[in-house]
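Structure first, commentary second.
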Amino acid sequence: MISLTSPVRTRAHGWPAGAKLLALACATTALFLLQPLWAQAMVLALTLVLYALPGRHFLGHGLRQIRVIWPFVALLLVWHAFAGNWPEGIRTALRMVAALALANLVTMTTSLGDMTDLLHRLLAPLRRIGLPVGVIESAIPLVIRFTPVLIGKGRMLLEAWRARSPRRANWHIVLPMALLALDDADHLAEALRARGGLNPPTEE
């Protein structure tokens with residue numbers, strides 16, 4: 001398992017996770033309230049400046065993490081081109097990229113432990129009334145940690161397919177990818193059971 005937190009230390013790494021998430025919520029809300037294209041472009045440019053401030057390595061690492069959105073952006077633009085509404089397509093694409101980049105910026109500058117501690121505090125009222133919030137507290141960090149692992153395994157499957165066949169992989173790797181995910185989930189379940197499960201009994 002790996003972490004999505006950037007190894008390049010910035011000032012934002014020391015800021016409270018709750019403050020960063022609140023700022024992210026306000027920024028994404030503002031993105032949906034802004035309508036002019038120039039305003040959306042300015043927000044995206046400002047976001048890129050925030051990525052560039054810590055240095056070239058941080059910028060490159062951040063851009064590599066958000067490149068998965070480009071196929072969706074292309075599909076969105078093609079759809080609006082066929083619909084004859086280019087301005088709306090460009091506005092939506094700028095909004096999508098800016099929102100994802102800002103969210104990724106928060107993830108890169110916030111450790112998983114800080115995120116988990118924040119979630120623990122936010123779920124405290126539900127815990128007091130007896131709801132099993134331990135499952136949620138454990139599931140979210142696991143999803144965050146295992147997502148890049150599954151992406152990496154998907155890339156290895158694609159490379160293995162290209163090495164053995166001139167045809168494009170397309171749907172052919174779906175079943176092996178699903179089996180890999182199920183195998184990882186089985187190993188994780190065994191590890192959790194060996195440690196008492198998600199809600200191990202507490203000593204009185």
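The values are calculated or read from the model by the stated rules, or taken from the named source; none is laboratory data. Not measured: the values here are computed from a predicted model. Methodologically, a virtual Cβ is constructed for each residue, glycine included, from the backbone with ideal geometry; neighbour enumeration extends over all protein chains shown. All accessible areas refer to the heavy atoms of the entire protein, side chains included, with ligands and DNA or RNA removed. Shrake-Rupley method; radii C 1.70, N 1.55, O 1.52, S 1.80 Å.
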**OP:** Those residues that are open to solvent by 70 Å² or more (accessible area, probe 1.4 Å) and aliphatic (A, V, I, L, M), I need them from segment 145-160; list them, please.
**Re:** ILE151, MET156
Subject >> Criterion: β-branched (Val, Ile, Thr) and at pLDDT 75 or above - qualifying residue of THR147, THR107, THR202 >> reply: THR107
Subject >> Tabulated pairs, segment 22-34, first within 13 Å of ALA103 (Cβ to Cβ) and in a helix (DSSP H, G or I), second open to solvent by less than 40 Å² (accessible area, probe 1.4 Å) and among the basic types (Lys, Arg), C-beta under 8 angstrom, 6+ apart or interchain >> reply: LEU31/ARG95
**OP:** Go through (1) open to solvent by 80 Å² or more (accessible area, probe 1.4 Å); (2) in contact with a Pro (Cβ under 8 Å, 6 or more places away or on another chain) one by one and return the number of the condition LEU37 breaks.
**Re:** (1)
Original post:
In the set ALA101, ALA27, which member is of a type in the set (Gly, Ala, Ser), open to solvent by 30 Å² or more (accessible area, probe 1.4 Å) and touching a Leu at 6+ places or on another chain (Cβ under 8 Å)?
Top reply: ALA27
Original post:
Taking segment 110-144, which residues are open to solvent by less than 30 Å² (accessible area, probe 1.4 Å) and modelled with pLDDT of 80 or more?
Top reply: THR110, LEU118
**OP:** Please go through segment 40-70 and pick out each residue that is open to solvent by less than 40 Å² (accessible area, probe 1.4 Å), small (Gly, Ala, Ser) and touching a helix residue (DSSP H, G or I) at 6+ places or on another chain (Cβ under 8 Å).
**Re:** GLY62
**OP:** Provide a single number: the residues in segment 71-95 that are closer than 24 Å to GLN35 by Cβ and either surrounded by fewer than 16 Cβ atoms within 10 Å (Cβ to Cβ) or small (Gly, Ala, Ser) (or both).
**Re:** 16
